[in-house]
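Take a look at the following structure, please.
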Ligand code: UD1
């Protein structure tokens, strides 16, 4: 059974991926500082090592003691407006820490690296659907810190023959484990579907729509919402792809169609059967109007297919999880 390290595995996407890896037969060790993740999200038999990514000495010892076949790197900061206000935190947590982790992976001869990147690297695309070949032009510090990390990985793989990577560019991840074991538990999360679920549960007085004057059919931003369980599956396939000896690659992770903020609100209101109040508010900093994936490459190359591509299923699983919290 090969052993893998999952940084940020107590967090939202990391915990769902750790579960998918275990269900496929991998031995999982999670490394997480529990700043936004929760120990309860690390389900047995995965082991949790509590530690900070900036603590390179602890990481170095861990990588020396255990023989990992791959690193899945989720740990990082992900809130776009926060990255605009505090860019140095993002360059430290995302770019610097990732560079150190890649250096340690090479030093300890860990052959495979699967990296959580983001559709934010595309910035404001001028095509309705972006492919992996679309120009990268991030418009906020968050996207830039992730793009720089992508470059570090690409340059490292050129220089080191025995090191290969998959970069997954996530679109808007939402929903929760269909069996209700884990979900999005991050305190103060800003994700639209989570915030809407909280409004439906009266944990927020209202939901604010950030901008109603965009050049889109209903004036609100359009995003490609992908179920977290389908995204977790993409990670497992990425490792198998590298284990089969395929070349390093970059894949978009989305379904290829988008929903507006208003459509998402209607979906959450429908599944929760609660007409929570909605307030039309000014635009938020750093939001592109439309961001939708072209998922052709991941489908053709890794035979990935979305099994939960249904906005009501996504909204219902998120809402049910929010109810449990
Ligand atoms: C999300 C991710 C980001 C990822 C990006 C890729 C989060 C916090 N951010 O960004 O890491 O790189 O996808 O595309 O998950 N909105 C409202 N009201 C709210 C919350 C959101 O109107 O209370 C709107 C936003 O302005 C945006 C849309 O809903 O237009 C989605 O927002 P959000 O869920 O925060 O995700 P992104 O910012 O798209």
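The values are calculated or read from the model by the stated rules, or taken from the named source; none is laboratory data. The structure presented is a predicted model; accordingly, all values stated were derived computationally and were not measured. For neighbour counting, all protein chains shown are included, and Cβ atoms are generated from backbone atoms with ideal geometry for every residue, glycine included.
Which residue pairs have Cβ atoms under 9 Å apart, sit 6 or more places apart or on different chains, and have a first residue in the stretch 273-288 that is over 16 Å from residue 213 (Cβ atoms) and a second that is loosely packed, with under 13 Cβ neighbours inside 10 Å?
Going by the 9 Å Cβ cut-off, the qualifying pairs are 274/202; 276/202; 276/205; 276/206; 277/205; 277/206.
Looking only at the stretch 57-77, how many residues end up being surrounded by 16 or more Cβ atoms within 10 Å (Cβ to Cβ) and in contact with a helix residue (DSSP H, G or I) (Cβ under 7 Å, 6 or more places away or on another chain)?
Qualifying residue count, the stretch 57-77: 9.
Which of the residues spanning the stretch 186-213 are more than 21 Å from residue 277 (Cα to Cα) and within 12 Å of the ligand (Cβ to nearest atom)?
186
Any idea which residue in the stretch 277-305 is farthest from residue 221 (Cα to Cα), counting only those that are in a loop (DSSP other than H, G, I, E, B) and away from the ligand (no atom under 16 Å from the Cβ)?
303
Something else now. Looking at 194, 202, which is the one that is out of contact with any strand residue (DSSP E or B) (no Cβ under 7 Å at 6 or more places or on another chain) and buried (at least 21 other Cβ atoms within 10 Å of the Cβ)?
Just one listed residue meets the conditions, 194.
Return the residue satisfying two criteria in turn: it lies in the stretch 156-185 and is away from the ligand (no atom under 16 Å from the Cβ) and in contact with a strand residue (DSSP E or B) (Cβ under 9 Å, 6 or more places away or on another chain), and of such residues it is nearest to residue 130 (Cα to Cα).
Residue satisfying both the conditions and the ranking: 166.
Out of the stretch 39-56, which residues are under 14 Å from residue 16 (Cα atoms), without any contact (Cβ under 8 Å) to a residue 60 or more places away in the chain and surrounded by 15 or more Cβ atoms within 10 Å (Cβ to Cβ)?
Listed by number, the residues that qualify are 42, 46.
Hey, among 36, 95, which residue is crowded, with 17+ Cβ neighbours inside 10 Å, touching a residue at least 24 places away in the same chain (Cβ under 8 Å), within 16 Å of the ligand (Cβ to nearest atom) and closer than 18 Å to residue 153 by Cβ?
95
Right, here's the next one. Among the candidates 178, 187, which residue alone is closer than 19 Å to residue 13 by Cβ and modelled with pLDDT under 95? Quick ask: steps written out before the conclusion?
Numbers: 178 fails: modelled with pLDDT under 95.
Exactly one of 178, 187 is closer than 19 Å to residue 13 by Cβ and modelled with pLDDT under 95, namely 187.
Say whether the condition of being part of a strand (DSSP E or B) and either touching a helix residue (DSSP H, G or I) at 6+ places or on another chain (Cβ under 7 Å) or over 12 Å from residue 5 (Cβ atoms) (or both) is met by at least one residue in the stretch 82-99. Spell out how you get there, then give the answer.
Taking the stretch 82-99 and keeping what is part of a strand (DSSP E or B), we get none.
There is no residue in the stretch 82-99 that is part of a strand (DSSP E or B) and either touching a helix residue (DSSP H, G or I) at 6+ places or on another chain (Cβ under 7 Å) or over 12 Å from residue 5 (Cβ atoms) (or both).
When you scan the stretch 58-68, do you find a residue that is within 22 Å of residue 176 (Cα to Cα) and in contact (Cβ under 8 Å) with a residue 40 or more places away in the chain, even just one?
no
Turning to a different aspect of this structure: Residues that are under 21 Å from residue 79 (Cα atoms) and under 20 Å from the mean Cα position of the chain (by Cα): which strands (runs of 3 or more DSSP E) entirely in the stretch 107-222 hold 1 or more of them?
Answer list for the stretch 107-222: 112-118, 164-170, 172-174.
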